Amino acid sequence: MTVNNRGIDLAAWSGFKEKARQNRSAADRHKVATARWVQGEEARVTVGENEITVGADDTMNMMEMMLAAFAACDAAVVAVHASYLGLKVNEITVEVTGDFNVSSYIGVEGAPGSGYQHVTTTVYLDAPGVTPEQLAHLAHMCEVCSPVGDTFARAIPTEVKIIAT
């Protein structure tokens, strides 16, 4: 049964999945984000043609954006994989909570890292007839398929260069 959940094109996703299965590099992505400091903790960030302001008084700050990206990514993972299961989805709400301490960010010597110490994701899924097995499958897909979740779950190498202009 083919289900269209708000624009999820299973034929396109399945075709892309097969292409990536045959050649993993077909799924490679390279993104560049550029942040230009405005004032205080505010920055204007661009990725490609998209722009957003982060850290202003009336916008999300950087740590909130991380949680927002995680929540949005898991919502998409659930939508796609629920569609693969043939579920008609009425609503998906993802709540991601996290705790962190900014002592090292503000320069407190000897403080632990400022990143999230623990993150919890709760998915509220309105899909009539969904079974416990399907819910478990969708939770597993969030754990293994979410690019943002995967990034949170492992240490990734980072490098910082500062160039005076």
Exercise for the section: Choose one answer from A11, A72, A27: the residue with the largest mean-square fluctuation in a GNM of the chain with alpha-carbon springs under 10 Å. Expected result: A27
Problem - Relative contact order (percent, whole number), the chain, Cα cutoff 8 Å, 6+ residue spacing - result: 18 percent
Exercise for the section: Could you tell me which helices of the chain pass both thresholds, a Cα extent of 15 Å or more along their own axis and a mean Kyte-Doolittle hydropathy of at least 0.0, with helices taken as whole DSSP H runs? Expected result: 62-84, 132-145
Handout entry: Accessible area of the chain divided out per residue, in Å², using a probe of 1.4 angstrom
Key = 72 Å²
Exercise for the section: Quickly estimate the mean residue ellipticity at 222 nm for the chain, helices only: each DSSP H run with n ≥ 4 gives -39500 (n - 2.57), and the total goes over all residues, rounded to 500. Expected result: -11000 deg cm²/dmol
Exercise for the section: Averaging sequence separations of C-alpha pairs under 8 Å and six or more residues apart, then dividing by the length of region 47-124, give the relative contact order as a whole percent. Expected result: 24 percent
Fill in the blank from the handout: Those GluC sites (Glu not before Pro) from region 51-139 that are DSSP loop and have at most 10 other Cβ neighbours within 10 Å turn out to be E109
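The values are calculated or read from the model by the stated rules, or taken from the named source; none is laboratory data. Given the structure is predicted, the values throughout are model-derived calculations rather than measurements. Methodologically, a virtual Cβ is constructed for each residue, glycine included, from the backbone with ideal geometry; neighbour enumeration extends over all protein chains shown. In case anyone asks, the SASA skips ligands and DNA or RNA and just uses the protein heavy atoms, side chains included. Shrake-Rupley method; radii C 1.70, N 1.55, O 1.52, S 1.80 Å.
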